[in-house]
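Peer 1: Take a look at this one; I'll ask things after.
The values are calculated or read from the model by the stated rules, or taken from the named source; none is laboratory data. Not measured: the values here are computed from a predicted model. Here the Cβ is made from the backbone with ideal geometry for all residues, glycine too, and neighbour counts use every protein chain on show.
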Amino acid sequence: MSDVATIDDVRDADKATTDGKLPAAERLEKHLAQARNKRVPFYLTRDEFLKICRSQLGVRYARSAGVLEANSEKRVKRITKLAFAVKDKEPEFELSARLAILRLLPGVGPKVAAAILTLTSPKKCAHRAGDA
């Protein structure tokens, strides 16, 4: 399924950015893991959302910045909370539903949505990608 391939692409891109220090994506992943333990139900803040977008889009961020930054704190919280709440016995359906919900945020395409899921649930996404 293309959703799994997109998550694999994000993970591979993160691995390629090592420069001797902890890559930005790994620092962000660590921060999000801590936030996930504190926030129930889990959601992203607008700042976390924009950091993920910057991390994923790199130099291309400037092209989408206006649209992405127009997302309010309330909208980001509401949509990400909804996406992370999706549970289903079929992993592929759950993943597809979460990706679709995240794409409701203006400016979020498939790769940014996949990056959000990869950074917020790396073990779950890795497990599912391995099942494909």
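Peer 1: Does A115 count as without any contact (Cβ under 8 Å) to a residue 24 or more places away in the chain and of a type in the set (A, V, I, L, M, F, W, C)?
Peer 2: It is false that A115 is without any contact (Cβ under 8 Å) to a residue 24 or more places away in the chain and of a type in the set (A, V, I, L, M, F, W, C).
Peer 1: I'm trying to understand the selection: among the residues of segment 39-65, which are in contact (Cβ under 8 Å) with a residue 24 or more places away in the chain and in a loop (DSSP other than H, G, I, E, B)?
Peer 2: P41, F42, Y43, L44, T45 - these are the residues of segment 39-65 that are in contact (Cβ under 8 Å) with a residue 24 or more places away in the chain and in a loop (DSSP other than H, G, I, E, B).
Peer 1: Okay, moving on. For L82, indicate whether it is part of a loop (DSSP other than H, G, I, E, B), within 18 Å of T118 (Cα to Cα), modelled with pLDDT of 90 or more and not small (G, A, S).
Peer 2: So L82 does not fit the description; no.
Peer 1: Select from segment 94-132 the residues that are among the hydrophobic types (A, V, I, L, M, F, W, C), modelled with pLDDT of 95 or more and farther than 20 Å from E29 by Cα and list them in ascending order.
Peer 2: A97, A100, I101, L104, L105
Peer 1: Regarding L32, is this residue within 13 Å of the chain's Cα centre (by Cα), modelled with pLDDT of 90 or more and assigned to a helix (DSSP H, G or I)?
Peer 2: So L32 fits the description; yes.
Peer 1: Output the qualifying pairs, or none if there are none: Cβ atoms under 6 angstrom, residues six or more apart or on different chains, first residue in segment 87-107 and under 16 Å from T118 (Cβ atoms), second residue in a helix (DSSP H, G or I) and of a type in the set (S, T, Y).
Peer 2: From residues that are under 16 Å from T118 (Cβ atoms), there are no pairs.
Peer 1: All but one of (1) over 16 Å from V112 (Cα atoms); (2) modelled with pLDDT of 85 or more; (3) not hydroxyl-bearing (S, T, Y) hold for K21, so report the exception by its number.
Peer 2: Only one criterion is unmet by K21, namely (2).
Peer 1: Output yes when any residue across segment 56-78 is of a type outside the set (V, I, T) and at positive phi, and no when none is.
Peer 2: Checked segment 56-78: at least one residue is of a type outside the set (V, I, T) and at positive phi.
Peer 1: Criterion first (polar (S, T, N, Q) and within 15 Å of P110 (Cα to Cα)) does T45 satisfy it?
Peer 2: Answer is no for this residue.
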